[in-house]
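Have a look at the structure below before the remarks.
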Amino acid sequence: MDRLDEYRQIIRNVLDSYAKMLNSCGQVKHSVIVDGEQNNFLLMHEGWQGPQRIHGCIVHVEIIDGKLWIQQDGIETGITAELVELGVPKDKIVLGFHPYHVRQHTGYAIA
């Protein structure tokens with residue numbers, strides 16, 4: 001398995017585990033959406049919480065030029081530490097939700 005396929009599988013496994021965990025906790029459905037051709041991976045939530053409609057992106061990871069760009073991370077503890085624990089080097093993770101000038105202080109890749 002090449003590195004890109006390994007990253008795809010790691011991302012998918014992490015998001016699947018969050019979706020399963022979150023689905024066991026209530027009325028809102030959590031789904032993993034994968035666009036393998038464009039290398040986009042999303043954890044979405046949708047449903048109703050009482051009278052309030054719930055719909056949105058919790059996590060969005062995109063693979064760009066061999067790096068994992070975390071475009072959105074709405075997980076309380078974040079998914080980056082878990083990605084590193086599963087073998088993704090910090091220099092292959094970009095915290096895209098931070099402005100460029102902040103990324104240099106994060107310990108992860110700048111771009």
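In table form, for the structure just shown:
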{"item": "Failed criterion for LEU4 (all others in (1) open to solvent by 80 Å² or more (accessible area, probe 1.4 Å); (2) in a helix (DSSP H, G or I) hold)", "result": "(1)"}
{"item": "Selected residue [farther than 17 Å from ASN13 by Cα and of a type in the set (S, T, N, Q)] from THR106, THR80", "result": "THR106"}
{"item": "Given (1) open to solvent by 60 Å² or more (accessible area, probe 1.4 Å); (2) among the hydrophobic types (A, V, I, L, M, F, W, C); (3) assigned to a strand (DSSP E or B), index of the condition ALA81 fails", "result": "(3)"}
{"item": "Enumeration of residues in the range 22-41 that are over 16 Å from GLN9 (Cβ atoms), open to solvent by less than 60 Å² (accessible area, probe 1.4 Å) and not hydroxyl-bearing (Ser, Thr, Tyr)", "result": "LEU22, GLY26, VAL28, HIS30"}
{"item": "Residue in the range 74-92 that is touching a residue at least 40 places away in the same chain (Cβ under 8 Å), of a type in the set (A, V, I, L, M), in contact with a strand residue (DSSP E or B) (Cβ under 8 Å, 6 or more places away or on another chain) and farther than 21 Å from ARG3 by Cα present", "result": "yes"}
{"item": "Residues located in the range 7-21, provided they are more than 18 Å from GLU76 (Cβ to Cβ) and open to solvent by 50 Å² or more (accessible area, probe 1.4 Å)", "result": "ARG8, GLN9, ARG12, ASN13"}
{"item": "Matching residues in the range 10-29 - criterion: being in contact with a helix residue (DSSP H, G or I) (Cβ under 8 Å, 6 or more places away or on another chain) and under 19 Å from LEU83 (Cβ atoms)", "result": "ILE10, ILE11, VAL14"}
{"item": "Boolean, ILE54 is assigned to a strand (DSSP E or B), among the aliphatic types (A, V, I, L, M) and open to solvent by less than 30 Å² (accessible area, probe 1.4 Å)", "result": "yes"}
{"item": "Residue list for the range 57-68, restricted to those being open to solvent by less than 40 Å² (accessible area, probe 1.4 Å) and either farther than 16 Å from TYR18 by Cβ or touching a Pro at 6+ places or on another chain (Cβ under 6 Å) (or both)", "result": "ILE63, GLY66"}
{"item": "Residues of the range 84-111 that turn out to be surrounded by 13 or more Cβ atoms within 10 Å (Cβ to Cβ) and closer than 21 Å to MET21 by Cβ, as a count", "result": "3"}
{"item": "Subset of the range 25-83 [at pLDDT 95 or above, over 24 Å from PRO99 (Cβ atoms) and hydrophobic (A, V, I, L, M, F, W, C)]", "result": "VAL32, ILE33, VAL34, MET44"}
{"item": "The lone exception for LEU22 - which of (1) over 16 Å from LEU4 (Cβ atoms); (2) outside any loop (DSSP other than H, G, I, E, B); (3) at pLDDT 95 or above it fails", "result": "(3)"}
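The values are calculated or read from the model by the stated rules, or taken from the named source; none is laboratory data. Remember, predicted model here, so these are calculated numbers, not experimental data. With ideal geometry, Cβ positions are generated from the backbone for all residues, glycine too; neighbour counts draw on all protein chains shown. When the accessible area is computed, the model is the full protein with side chains, heavy atoms only, and any ligands, DNA or RNA have been set aside. Shrake-Rupley method; radii C 1.70, N 1.55, O 1.52, S 1.80 Å.
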